[in-house]
Structure formats: C-alpha cells, structure tokens
Amino acid sequence: MSSSVEEWVDEVSRTTRPDHVVWCDGTDAENDRLIDLMVSDGTLLRLNDQKLPNCFLHRSNPQDVARTEHLTFICSEQAEDAGPTNNWMSPQDAQERIWPLFKNSMHGRTMYVVPYLMGAANSPYTKIGVEVTDSPYVVANMRIMTRMGQVALDRLKTGSADWVPGLHSLGDLSPDRRFIAHFPETRTIWSVGSGYGGNALLGKKCYALRIASTMGRDQGWLAEHMLILGLESPDGDVTYIAGAFPSACGKTNLAMLKSPFESDGWKVWTVGEDIAWINVGPDGRLWAINPEAGYFGVAPGTNRKTNPNAMDAVSQNSIFTNVAITDDRDVWWEGMDGPVPQRLIDWQGNPWTPASGTKAAHPNSRFTTPATQNPVLSTHWEDPQGVPLSAILFGGRRARTVPLVYKSFDWEHGVFLGATMASETTAAATGAVGVVRRDPMAMLPFCGYNMGDYWAHWLEVGKRAASPPAIFQVNWFRTDDQGRYIWPGFGENMRVLRWVRDQVRAGNGASDGRETPVGIVPTPEVIGTRDLGLSAADADTLFEIDRDDWLREAEDQHAFLQKFGDRLPAAIREQHQALQDRLSPVAV
Ligand code: OXD
Ligand code: MN
C-alpha cells in the first residue's frame with residue numbers, strides 16, 4: 001500500500017493514542033469477530049435469527065440520532081469558497097478548535113483502519129478513501145456501504161497516491177464537542193463526537209458528496225445527491241433517470257419502486273438510491289455511477305405497500321439503528337404493516353405500549369443493507385462507465401405551489417429549477433421539521449464549495465454535453481385544503497416516470513403537455529388521475545400553476561439568489577428574470 005497511508009495512520013495514532021491498531025481486510029472472519037465483540041459488549045443486539053438471519057440492532061446515544069448540519073464545516077482557506085450556505089471555519093481555526101478533541105480520544109479503544117473504494121473495483125471513476133475510526137459499529141456499516149478492505153488495499157498497493165483520509169473518533173459523544181470538518185483543498189475529513197451514519201460513515205456524505213463535489217468541480221464532473229433508476233418499458237428498452245430529493249423525501253422508495261404496471265411491461269431497476277457521480281461521456285451524454293455498495297435507508301414508513309423491495313432487502317444481513325423491537329426480537333417501526341404491537345421495547349431500550357404517547361422507533365431510525373439484496377437491483381449497477389442519463393428529476397416536499405411534475409424548457413432552465421428548489425425539512429437532520437427551506441439540487445447540506453460556483457459548474461457541464469438529460473421538477477407532497485396528500489405516491493409514481501419517458505422519447509417537442517410560465521405540465525388524462533379515483537378538483541390542484549403563489553415563490557427565490565452576490569451566474573439571474581416576465585406579461 002501507499003506508504004503515505006502508513007505515515008498518516010502513525011501520525012493520527014500519535015495524537016489519538018489507541019490501545020490497538022487494526023487494519024481491516026473486509027473478510028467475513030473479521031466481520032464475525034467484530035460482531036461478536038459488539039454483541040458481547042452490548043453495542044449490538046442479535047435479532048431473531050429465524051426471522052432476520054444475521055441481523056442486528058444498534059441503539060445510538062439519544063443525543064446522536066441524525067446529521068448535525070450546524071456542527072458541519074467546510075474548512076477552505078477563504079470563507080467565500082465555502083459560500084453563504086455552508087458553515088465555514090479556517091483550517092487554522094480547525095487546527096486549534098477541533099484537533100485537540102482528538103488528543104487521546106482513542107485511549108482505551110481500538111483504532112480501525114478502514115480502506116475503502118467508492119465505486120466498483122473496475123470503474124475508471126472509482127475513488128479511494130481510508131477511514132480511521134474507533135467505532136466497530138462504523139466499521140461494520142462501512143463494510144456494507146462501500147467496497148471495503150483488501151480490494152482497496154490492493155488499489156493502494158499499486159501505487160495510487162490519490163486517496164482521501166478521513167479521521168473519525170466517537171470522542172465523548174457530546175454535541176458540545178462534536179465537529180464534522182471538511183478540508184476541500186487538502187481533501188481531508190475530520191469527524192469527532194458522533195457515531196451517527198452521515199456524520200460517521202465518512203465515505204457517504206463527507207467524501208462522496210462534500211469532498212467529491214469539489215473534486216468534480218476541479219476535474220469536470222458532478223457528485224450529486226441523487227438516486228439512479230432504470231425504467232423498463234414494454235418494448236424492453238431501459239431509460240435511465242436520476243433524481244435529487246432532500247433527505248427522507250422518498251428517494252429510496254422511488255429507486256426501488258414496485259410498478260403497478262409490471263404486467264404491462266413497465267418496471268423499475270435500481271442503480272443507486274442516494275448518490276450519483278456523473279461524467280460527460282464521449283458520446284455527449286451524461287453517464288452516472290453509484291459509488292456506494294449498500295443502502296442506509298430511513299425505516300419509518302417503509303412497509304410492504306410503500307417499498308416491498310426494501311422489506312425483502314432488509315430481511316437478512318442488515319444492521320438496524322434506533323428501531324423498536326418486539327418480545328421475540330423482531331424489528332418494528334411506525335408505519336410497519338399490520339396492527340401496532342401491544343408491547344415493544346422502544347429505540348432507547350425502554351418498555352413501550354401504544355399508550356406511551358411517544359414514537360417507538362426514532363423518526364430517523366435506519367437500516368443498513370447490502371445493495372445486492374435488493375430484488376430489483378439493475379444488472380448494470382456496477383457497469384464501469386455507469387449508465388447514460390436521459391432525465392434528471394428535482395423533487396421537494398411542498399404542500400402548495402409546485403405541481404406534481406413539470407418539464408423545464410432546456411438545460412439552463414433546468415439548472416435554474418434545481419438551483420431554486422425548496423422543501424419542507426424532515427427528521428434526517430436535527431432542527432425544526434416541516435419548515436420550507438431552499439435546498440438547491442438537494443445539496444444544501446452536502447455541497448463542499450460555494451453554491452454559486454456549483455451552479456456555474458452545472459451550466460458548464462451542460463455546455464460540454466452534446467445531449468444532456470432533460471430536467472423535470474416533481475412534487476409528490478401537494479395537499480388539499482384539508483391538508484391531505486392528493487397524490488397517492490409510491491408505486492403510482494410510475495405514472496409520472498412514464499410521462500417523463502414519453503417526454504424524453506418525444507425529443508424536444510412537448511407532447512401531451514401544456515406550456516405554462518413555469519414549464520411544461522402534463523394533462524390529468526395522460527397521468528390517469530381518473531383511474532386513481534381522484535376528483536376533477538383534486539386533479540386540477542395537482543397540476544395547477546397559481547399565479548399569486550408563483551409570484552410569491554419568485555420573490556422568495558430572489559431573496560435566496562441575492563445571497564450569492566457576484567458568485568451568482570448570470571444565466572441563473574436571467575432565468576429568474578425570465579420566469580418573472582412570464583408570470584407578469586407586459587400588457588399591450
Ligand atoms: C441520508 C441523508 O442519510 O440524506 O442519505 O440524510
Ligand atoms: Mn441522502
């Protein structure tokens with residue numbers, strides 16, 4: 001392996017002072033040893049081996065249950081390079097404020113050195129990371145989420161100097177001494193004080209999004225918070241679609257969608273469910289790989305109806321975090337099929353009954369499961385070049401304003417839709433839930449540099465691609481006057497995917513669509529709202545473009561875009577102006 005890895009490991013162990021250092025090889029035997037260790041010290045609980053073979057429950061510290069965006073920093077030399085949407089700390093301040101928290105932090109613990117690949121072993125787009133951690137739970141999760149161990153050591157051995165170090169320590173798990181710091185210029189990650197997924201599995205959000213987005217800016221590609229799916233149509237053709245949705249907005253469900261039209265030949269295959277790395281191919285199309293090997297999905301709401309494929313996937317070899325369990329050590333969470341059990345042990349380990357008045361599973365409880373257990377995994381999910389994208393969806397959670405689906409006029413307009421997308425917040429991050437916030441390209445918490453520059457980079461990539469994908473906005477979450485969701489969602493989202501496919505197959509001419517000031521909207525007929533039993537009034541609301549709502553929306557977009565000052569690309573400003581002009585035509 002690259003001697004620089006050994007040097008770095010020596011250097012961090014001189015500060016963190018672990019009792020032992022273990023280099024992970026990723027074998028079953030190693031994993032078994034770690035699991036036994038964690039079962040014996042209570043870090044993991046073995047679940048019912050008949051119902052859930054080789055599955056385990058982990059209960060995290062109750063103060064450590066979600067990503068902590070306010071403790072997440074971009075440590076670039078210049079504050080402007082982090083931009084107005086990131087927390088910034090100078091590398092010098094990080095050295096003074098964060099580094100001391102690693103002093104002796106692994107004393108009495110073992111330090112695991114976890115070499116891993118983001119991407120398939122044979123892909124030219126794959127990248128190497130090495131995470132050092134004092135959490136065996138993190139090691140077991142990294143083994144599911146990445147290609148970990150020997151396969152990465154082999155890459156390092158062949159002389160690759162290009163790897164991203166990530167230092168992780170649980171510290172004392174106090175939010176007062178918790179930091180997740182990224183150094184884009186030196187491509188380094190430090191995380192201390194949290195064992196929770198996105199804060200601690202450093203390959204995922206920290207590397208594959210925050211650091212990789214800056215690599216993509218420098219190298220001409222895109223690292224995106226996107227699912228990738230293959231939509232098979234009755235003629236056997238597969239159309240590849242990527243989708244950016246904020247956390248806990250149904251990305252995993254859409255990526256693994258069970259089609260109600262399967263007997264007619266419409267089917268979804270999963271390539272990825274959280275992250276896409278996108279390159280311009282020699283044919284002028286955008287090609288996407290999924291850099292991950294597993295799914296770290298939100299458990300509550302997952303059931304046989306909303307996501308039967310996920311229910312199958314998590315039935316073995318999976319780690320559950322902060323879910324509830326039954327008397328016979330089966331898992332349970334809110335929204336699971338069947339009646340609510342009368343007795344449970346809740347996510348904190350306390351007895352629970354329906355009268356308790358609390359959630360039995362934490363709203364951000366998760367499963368970690370290997371992608372290979374997904375029954376609808378695409379046979380192309382590890383193709384070295386990735387899959388060619390025909391469409392990109394930007395989705396948010398919006399009770400009003402945004403229709404079920406609409407198509408942008410062109411790439412620049414599509415980038416504007418991504419730049420101004422907004423969503424109501426969820427439990428995936430700490431903080432208030434249900435507040436509308438702008439979340440451009442679903443990358444607000446994950447873009448490692450100035451978001452204005454990021455939009456410029458998107459525009460540039462589109463210029464380099466002769467046939468870029470068509471861009472759509474979707475919203476499954478529109479409500480009626482009583483606050484009820486109008487759209488059934490889940491499997492029925494297939495109707496929207498079919499329309500998207502028709503649109504990209506029809507080329508640039510809009511078919512079955514109505515041109516509005518915001519974009520091209522389908523008719524209720526082509527989506528089939530009547531077959532779903534939706535009233536005409538509900539169908540109207542679903543596709544409505546209300547001028548007053550949109551004027552308010554445009555005003556709010558303006559306030560957001562202003563924050564970027566001279567880093568706002570002119571094309572985005574012009575797109576915003578053009579939207580306002582279409583909403584307020586000059587009277588003649
Ligand atoms: C995730 C997230 O865990 O987006 O994927 O929070
Ligand atoms: Mn995510």
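No value in this document is a laboratory result; all are computed from the given coordinates. It should be emphasised that the depicted structure is a prediction, and the values quoted were computed from it without experimental measurement. Quick reminder, even Gly has a Cβ in these numbers, built from the backbone with ideal geometry, and neighbours come from all protein chains shown.
Within the option set I241, I275, being within 15 Å of ligand 1 (Cβ to nearest atom) and touching a residue at least 60 places away in the same chain (Cβ under 8 Å) holds for one residue only, I275. Restricting attention to the stretch 446-490, the residues that are under 18 Å from the mean Cα position of the chain (by Cα) and in a loop (DSSP other than H, G, I, E, B) total 6. Restricting A466, A419, A428, A442 to those that are of a type in the set (G, A, S), within 13 Å of ligand 1 (Cβ to nearest atom) and under 21 Å from A288 (Cα atoms) reduces the list to A442. Picking from residues in the stretch 116-140 that are part of a strand (DSSP E or B) and touching an Asp or Glu at 6+ places or on another chain (Cβ under 8 Å), the one that is surrounded by the fewest Cβ atoms within 10 Å (Cβ to Cβ) is I128. When H380, H362 are checked against the criterion of being surrounded by fewer than 21 Cβ atoms within 10 Å (Cβ to Cβ), outside any strand (DSSP E or B) and either more than 16 Å from ligand 2 (Cβ to nearest atom) or at negative phi (or both), H380 stands alone in meeting it.
Residue pairs whose Cβ atoms lie under 6 Å apart, separated by 6 or more positions or on different chains, with the first residue in the stretch 409-428 and farther than 27 Å from E334 by Cβ and assigned to a loop (DSSP other than H, G, I, E, B) and the second β-branched (V, I, T) and more than 15 Å from ligand 1 (Cβ to nearest atom), do not occur.
Residue-by-condition table, conditions (1) closer than 30 Å to T126 by Cβ; (2) charged (D, E, K, R):
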| site | (1), (2) |
| --- | --- |
| D330 | no, yes |
| M336 | no, no |
| T369 | yes, no |
| F394 | yes, no |
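Being in contact with an Asp or Glu (Cβ under 7 Å, 6 or more places away or on another chain) and either closer than 24 Å to W476 by Cβ or assigned to a strand (DSSP E or B) (or both) holds for only one residue in P246, P234, and it is P246. Candidates in the stretch 147-160 are the residues that are outside any helix (DSSP H, G or I) and more than 18 Å from V22 (Cα to Cα); of these, the one that is nearest to the chain's Cα centre (by Cα) is S160.
Criterion first (within 13 Å of ligand 2 (Cβ to nearest atom), on the phi > 0 side of the Ramachandran plot and crowded, with 19+ Cβ neighbours inside 10 Å) does G250 satisfy it? Yes; evaluated as a whole, the condition is true for this residue.
Considering only the stretch 491-536, state which residues are assigned to a loop (DSSP other than H, G, I, E, B), hydrophobic (A, V, I, L, M, F, W, C) and either in contact with a His (Cβ under 8 Å, 6 or more places away or on another chain) or surrounded by fewer than 18 Cβ atoms within 10 Å (Cβ to Cβ) (or both). Don't jump to the end; show me each part of the working.
Narrowing the stretch 491-536 to residues assigned to a loop (DSSP other than H, G, I, E, B): 506-512, 516-519, 523, 528-535.
Applying the additional criterion that residues be hydrophobic (A, V, I, L, M, F, W, C) yields 506, 510, 518, 532, 534.
Selection gives A506, A510, L532.
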